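The values are calculated or read from the model by the stated rules, or taken from the named source; none is laboratory data. Please read all numbers here as calculations on a predicted model, not as lab measurements. Please note: Cβ atoms are built from the backbone with ideal geometry, for glycine as well, and neighbour counts cover all protein chains shown. Remember, those area values only see protein heavy atoms, side chains included, never the ligands or the DNA or RNA. Shrake-Rupley method; radii C 1.70, N 1.55, O 1.52, S 1.80 Å.
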Amino acid sequence: MATKSAALASPVLPETRNTKSVTLKNETATGGGLHHEGLDRKGLKADEEDGFSEESWLDLPPALYFLAVVVIGLCAATLLPPPDAWFFTGFGLLAVIIIRSDLESFLIPDWASLAVLLLGLARAIIVPLADGWGTLGELLPSNLWPELWPALATALLGFVLFYAIARLYHVFTAREGLGFGDVKLAGALGVWLDPFSFSVMLQLAAFSALLVALLERGFRQGPRTTLLPFGAFLTPCAWLCAFLLALEPDLLGLRP
């Protein structure tokens, strides 16, 4: 099961796209996307009736994804102590999977978002244990709640924020503007962050997506449209912010 990611393109997706099931590479998905005007991309031809293409947005060589996993593992193993290094390596692997899927098919696998969520919750429990917080015999609800509630609160914040954006876009444009895959992904990524680092992550993802959109527009002429997979921007920014948060709780001096 996978869910359509957000995308950056012109507002041409129909209102029913978010609930219409489509089959892509033997996976079931539901549509959606964040829209912006004036973009075009080879392989993504948005027509007035549908506005969505199942073709790849950007084809990167598999070796590049493998290199990304290696770099992530080396950074985690070098700069973080176990077991935090293991969690961030797993998070990085899932991030690469999500990025590749989103770039190639505008799909964010539900199992990958769920794995990010569960891995983050496990980290919120196990890392304090490794730091001398207690023993496995002390894993009682009263002891776990102080460790889990900040992660769960930020996850809820991310989910509600992205869901609100999607609904407001629909209210003001009468079109679906944000894929539910990104709504669920935002909630899953939230367990790795706190509210401040989540806001930094969101700003980084939005800025990088906007920069790519402007570059696309500069290289293309005419009011053509395309879709930018927002999950492919959101996920690496979340990993980076979570990694910096693990290294420096003040986010290298950014926290007020």
Counting Lys and Arg as +1 and Asp and Glu as -1 over every other residue whose Cβ sits under 14 Å from the Cβ of residue 122, the net charge comes to -1
Shape call for segment 161-256, from the Cα gyration tensor axes a ≥ b ≥ c (a/c under 1.5 means rounded, otherwise prolate when a/b beats b/c, else oblate), comes out oblate
With label points set 7 Å from each Cα along the Cα-to-Cβ direction at residue 248 and residue 199, the distance between them in nm comes to 1.9
For 191-200, 150-159, 79-88, ranked highest to lowest by mean beta-carbon neighbours within 10 Å, the order is 191-200, 150-159, 79-88
Sorted by chain and number, the residues with a modelled amide H under 5 Å from that of residue 2, at a separation of 5 or more or across chains, are 28, 110
To the nearest Å², the heavy-atom accessible area per residue of segment 51-124 with 1.4 Å probe amounts to 44
Between residue 171 and residue 60, the FRET efficiency computed from the C-beta separation at R0 = 30 Å comes out, to the nearest 0.05, as 0.25
